[in-house]
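To keep things clear, I will list the structure first and then write my remarks on it.
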Amino acid sequence: MPPTADVPALMRKHIYDHFLEHAVPPVVEQLMLAFSLSREETENVLRELEAARQLVLVKGTARILMAWPFSAIATPFRVEVGGRRYFANCAWDAVAFHAMTGQPIRIDSSCHHCAAPITIELRDGRAVSVEPAEALVYLAIPAARWWDDIILTCSNTMVFFASEAHRDASALCSADGGGASLTPEQTHVLSGPVYGPRMELGYTRPPRQELLDHFASMGLTGDFWAL
C-alpha cells in the first residue's frame, strides 16, 4: 500500500463493503492481510476509526461490534436487502438501510412493549407497507446525549412500537413526553445526510450545523433535537 494512502478511510470502506457482502464484519486478522499491516498497526487504525465515531469495538478488544447501520450481533432489528439479511443496531438503523443502499428493504422487528411482530417495507423513499399501520419509531434519549453511551443508545432507546398506545404503556416512554416519535418515512428522511453517503470512500460524519439544519427542515426543533 502506498505510504500516502489514507489507511483509515480505506479500512473504513473495506469494513463496510465486507459487512454489506457478508453481513458480518471482518476480524483483525483479515484486516491485517488486506492492508499488509501488523496487528498493532491494524488495531491502532480501528481505534482511530472508533474515536472518529465510524464504528464501535467490543470493549477490551479490537473486534467490531457496530458499524452503523450494521450490527455484528443478533438484535431485534432484522433487515433484508437484495436477498441478503442483516441485523441493525436499532430501529433507526433498520430504516437507514434504505437510505444507505438505495434499494428496497424489508424490516422484521417487534414492538418493544409487547413483542408483537412489526414488518415494514420501504421502496423509493416511501414506506409501501407498514404492519401494523400505526407502528412507529421511538427515540427515547435527546440528540445531545446519544453519544454519552452509544451502545446503550442504540441497543435500548431507539425502538419500534406497534402504536402510540403501546409506546405510552412502555417504561421506556418518558412520563413528560420528552421522547420523539417518527413514522418510518420520517425516519428515512432523517437518515439522509448521516447514512446516504456512508458507503462512499470519502465519507465523513456531517458537521453539527448541517445536522441541525436537516432536523429543522423536518420540523424537528426544540430541546430534544439540540446538539
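The values are calculated or read from the model by the stated rules, or taken from the named source; none is laboratory data. The model shown is predicted, which means the values in this text are computed figures rather than measured ones. Virtual Cβ from ideal backbone geometry, glycine too; neighbours counted across all protein chains shown. When the accessible area is computed, the model is the full protein with side chains, heavy atoms only, and any ligands, DNA or RNA have been set aside. Shrake-Rupley method; radii C 1.70, N 1.55, O 1.52, S 1.80 Å.
Based on the Cβ-Cβ distance from Ala216 to Arg84, what FRET efficiency comes out when R0 is 35 Å, to the nearest 0.05? That gives a FRET efficiency of 0.50. Between the beta carbons of Ala34 and Leu152, assuming R0 = 45 Å, the FRET efficiency works out to 0.90 to the nearest 0.05.
Using a simple spin-label model with pseudo-atoms 7 Å out from Cα toward Cβ, Thr119 and Ala144 lie 4.2 nm apart.
Once Rg and the Kirkwood radius are both taken over the C-alpha atoms of the chain, their ratio Rg/Rh works out to 0.98.
Taking the charge dipole of the stretch 3-75 about its Cα centre, with +1 at Lys and Arg Cβ atoms and -1 at Asp and Glu Cβ atoms, the residue from Thr61, Ile15, Ser38 reaching farthest to the positive side is Thr61.
The residues packed around Ala52, meaning those with a beta-carbon under 9 Å from its beta-carbon, carry a net charge of +1 if Lys and Arg are +1 and Asp and Glu are -1. Using 0.36 nm per residue and subtracting the Cα-Cα separation, the extra length available between Ala171 and Arg63 on full extension is 35.6 nm. Electrostatic tally near Trp68: other residues with Cβ closer than 13 Å to its Cβ, Lys and Arg +1, Asp and Glu -1, net +2.
Electrostatic tally near Thr157: other residues with Cβ closer than 13 Å to its Cβ, Lys and Arg +1, Asp and Glu -1, net -1. Per-residue extension of 0.36 nm, minus the Cα-Cα distance of Val24 and Asp223, leaves a gain of 68.0 nm for this segment. Sorting Arg85, Arg12, Arg39, Arg167 by solvent-accessible area of protein heavy atoms yields Arg85, Arg39, Arg167, Arg12, largest first, with a 1.4 Å probe.
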